[in-house]
Protein chains: 2
Amino acid sequence: MDHYYAVIMAGGGGTRLWPLSRKARPKQMLRLIDERSLFQTSVERLGGLFGCDGIFVVTVVEQAAELRQHCPDIPKSNYLIEPTPRGTASVVGLAAVMLQRHDPQAVMAILTSDHYIGNEPGFREILAAAYDVAQDGYLVTLGITPSYPSTGYGYIQQGGLIQNYRGFNAYQVLRFKEKPDEDHARAMLAAGGHAWNSGMFVWRVDRILEELARQMPALYSALQTISAAGGTADLHATVESIWPGLKEETIDYGVMEKAEKVAVIPAADLMWSDVGSWDSLFDVLPGDPQGNLVMGGQHIGVDTNRSLVYVNQEHRLIVTIGVDDLVVVDTGDVLLVCRKDQAQRVRQVVNQLKKSGGEFV
Amino acid sequence: MDHYYAVIMAGGGGTRLWPLSRKARPKQMLRLIDERSLFQTSVERLGGLFGCDGIFVVTVVEQAAELRQHCPDIPKSNYLIEPTPRGTASVVGLAAVMLQRHDPQAVMAILTSDHYIGNEPGFREILAAAYDVAQDGYLVTLGITPSYPSTGYGYIQQGGLIQNYRGFNAYQVLRFKEKPDEDHARAMLAAGGHAWNSGMFVWRVDRILEELARQMPALYSALQTISAAGGTADLHATVESIWPGLKEETIDYGVMEKAEKVAVIPAADLMWSDVGSWDSLFDVLPGDPQGNLVMGGQHIGVDTNRSLVYVNQEHRLIVTIGVDDLVVVDTGDVLLVCRKDQAQRVRQVVNQLKKSGGEFV
């Protein structure tokens, strides 16, 4: 697949795994699943599909140096730096104009840096199929066939079949839907024809820039200025001056919802998770016979079931007695004790801490 | 009240508030309720009833120095040292022979060092009444009128009224009962005429020694040897040589259950607690509007109710989300997370740790 490039979005400050994830230690840098960071895993799972020269990383200045240490094989010039985060629309736009200068026929896979995918060969197969769909002019979204009525993901409603590509059906997209309440989630699961929005996309750079020009003309115009400075000594200063003025926007809301020719490839068996909260680790990691996930430290569990215990000090004893479905995370300065089904509310606490001075965030 | 002496038992290694209480930091040394240790509180609540010369402390060698620092006004010679703990029968016997040498007419109040008593004036009134009952030759047990069907305390079944002393009714004791199961506890509460055994006693030294001579002749004989060495340079060596050979026994089982002339004074309003497990602190300390007890550290509680959070570091943030009736105790090296109604099972973990090398105990 000539002209195929991966663009990994790695600038997020995700605090959904707080108190382990922090502003200075975002989720993609965590070594949660195995000894590799989620960012390293995201690069390595691409296997031979892209050479190191074909993998680009968009991040923020604070994270660039550490990410380069995680994946030193990716050329330094492939790390594209945002002065400040401005949402995924700007990330996509920046990567698109830079790739277009490099290869006007480029097809780019926009990938996440902090998700889990258990079935890596299957993931590469779907990326290969998406390349073909994108070559036909579609903006392709990678969908995940829902396994339960999640209220934590956005949904994509499928329309008519476009055709089968390399064994994968690609469908027209009827509608993008925000994170639903539980009733709506159940209804979509019962109705069928809905996929979770994985936040991963594949398209030709000319197609996405065409949509940006039509739907986000201010951003498009800014990107043209940056593109003109590409390859000159002014590039850095140009980005620095333009970026703060950009409107913060997601690619989903800014482009995808009203774009022409949008396709979805639903995948049923990727074993995908966005690792978006502590409870999601139970989908990803095997528990002990009591269903507990114990990570770090020494643990004695008495009548303890389906609970997570994380501690970042080896010589620390955690004793749990009579505890079910609980999350206990100890990072030394912070201890979180949270009912598993309320793990999303960690965000609420992080927001509260940000407002009151930002300590512990 | 001439000839009245307090004997405070302060040698226990209580691990029921583990991980805060440890072998080297037993419960009586903890500053849990206020800025004073439970031992200090136990001495200070005696008020003017006993002079400092009239307060004796029985403890073990490892604890003596620190206890003396807690209560430096008690003469050093009033600290009686057990080489090793041998149960409350030996403690009582040692104090009895030492007091008898000092004052053959002594009446001794055997008191605990690690309990809470909210109504201190009421406690002194009951001690005064018990003195009179003891002068009439009774072995007096201080009973607590049960407020709920506790399975954590022993019970005393009251018999006929002896008479009223200083406003307090003293009853014959029909029977001592071990910690009951819940059905028996409910039945006793419904039947009335039962009091919790507080572990506090008042008697004349001649009466208790008479009972020891009759019921525990081996201990009595050993105590006579010790008494004979009293006031000589041999005392310490004599105790050291005799103590390891003593049978470990409680005063309840060894003497009280089969003694002659046993009385109980039930007290309804002492606001007494043995502080015997983490959940008992809810009986003793006022909670916040959500019923939470927060001790130390910084705490953010989201939907957190009737829970205890203890942390011994000020600069540590504890966040609890969606948590009811939970005990969280963080001592730096150990973190305990325990359902409140299972707090007694801490003992089970301590025993397990003792068997596996004794670390963290």
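Quick note: the coordinates plus some simple rules give every number you see, no bench work behind them. The structure displayed is predicted, hence computed values, not measured ones. Note: ideal-geometry Cβ built from the backbone for every residue, glycine included; neighbour counts use all protein chains shown.
Under 5 Å between amide hydrogens, built in the peptide plane, is the criterion, and for residue A:8 it picks out A:56, A:57, A:58, A:111 among residues at least 5 positions away or on other chains. Taken about its Cα centre, the range B:35-178 carries a charge dipole of roughly 280 debye when the Cβ of each Lys and Arg holds +1 and the Cβ of each Asp and Glu holds -1. Bridge orientation summary for chain B: considering DSSP beta bridges with both residues in this region, about 45 percent are antiparallel. Placing unit charges on the Cβ atoms only, positive for Lys and Arg and negative for Asp and Glu, gives the range B:310-361 a dipole magnitude near 300 debye about its Cα centre. With kT/(6 pi eta Rh) evaluated at 10 °C and eta = 1.306 mPa s, and Rh the Kirkwood radius from Cα pairs, chain B diffuses with a coefficient of 74 µm²/s according to Stokes-Einstein. Pairs of lysines in the range B:229-361 whose Cα atoms sit within less than 26 Å of one another amount to 6, provided the residues are eight or more positions apart or on different chains. Neighbours of residue B:255 by Cβ distance under 11 Å: Lys/Arg scored +1, Asp/Glu scored -1, total -3.
Near residue A:89: Cβ cut-off under 11 Å, other residues only, Lys/Arg at +1 and Asp/Glu at -1. The net charge is -2. Its residue count N fixes a reference of 2.2 N^0.38 Å for the range B:174-285, and the Cα radius of gyration divided by that reference is 1.40. The mean number of partner chain beta-carbon atoms within 10 angstrom of a residue's beta-carbon across peptide A:304-313 is 1. For the range B:283-295, putting each phi into the Karplus relation 6.51 cos²θ - 1.76 cosθ + 1.60 with θ = phi - 60° gives couplings of 7, 10, 10, x, x, 7, x, 8, x, 8, 10, 10, 10 Hz, in residue order, rounded to whole numbers and with x for Gly and Pro. Distances from residue B:167 to itself in the other copies, using label points 7 Å out along the Cα-Cβ axis, amount to 8.9 nm in increasing order. Helix A:120-135 versus the longest principal axis of chain A: what angle, 0 to 90°, nearest 10, using Cα atoms? It is inclined by approximately 20 degrees. Ranked from shortest, the separations from the 7 Å Cα-to-Cβ label point of residue B:65 to its equivalents in the other copies are 4.9 nm. Amide H of residue A:174: which non-local residues (sequence gap of 5 or more, or other chain) have their own amide H closer than 5 Å, using H built in the peptide plane? Amide H neighbours of residue A:174: A:157, A:158, A:159. Shortest first, residue A:236 label-point distances to identical copies amount to 7.6 nm, with the label point at 7 Å from Cα along Cα→Cβ.
In vacuum, with every alpha carbon of the protein assembly as shown counted as one equal point scatterer, what does the Debye formula give for log10 I(q)/I(0) at q = 0.10 Å⁻¹? Two decimals, please. Log-scaled intensity ratios, in q order: -0.94.
So what does the Cα-only Debye profile of the range B:71-149 read at q = 0.22 Å⁻¹, as log10 I(q)/I(0), no solvent term? So the normalised log intensities are -1.37. Whole-Hz Karplus values for the range A:271-282 come out as 6, 8, 8, 7, 6, x, 6, 4, 5, 5, 5, 5 Hz, taken residue by residue from phi with 6.51 cos²θ - 1.76 cosθ + 1.60 and θ = phi - 60°; glycine and proline positions read x.
Please check which bits of the range A:8-32 a label hung off residue A:62 would reach, taking the label as a point 7 Å along Cα-to-C-beta and the cut-off as backbone N under 14 Å. Output list for this probe position: A:11-16, A:21-29. Summing charges over neighbours of residue B:46, with a neighbour being any other residue whose Cβ is under 12 Å away from its Cβ, gives -1 when K and R count +1 and D and E count -1. Coupling constants for the range A:255-268 follow from the phi torsions by the Karplus curve (6.51 cos²θ - 1.76 cosθ + 1.60, θ = phi - 60°), and in residue order they are 10, 4, 4, 10, 7, 7, 6, 9, 10, 10, 10, x, 10, 9 Hz; glycine and proline get x.
Projected over every direction and averaged, the convex hull enclosing the alpha-carbon atoms of the range B:278-355 yields 5.3 nm².
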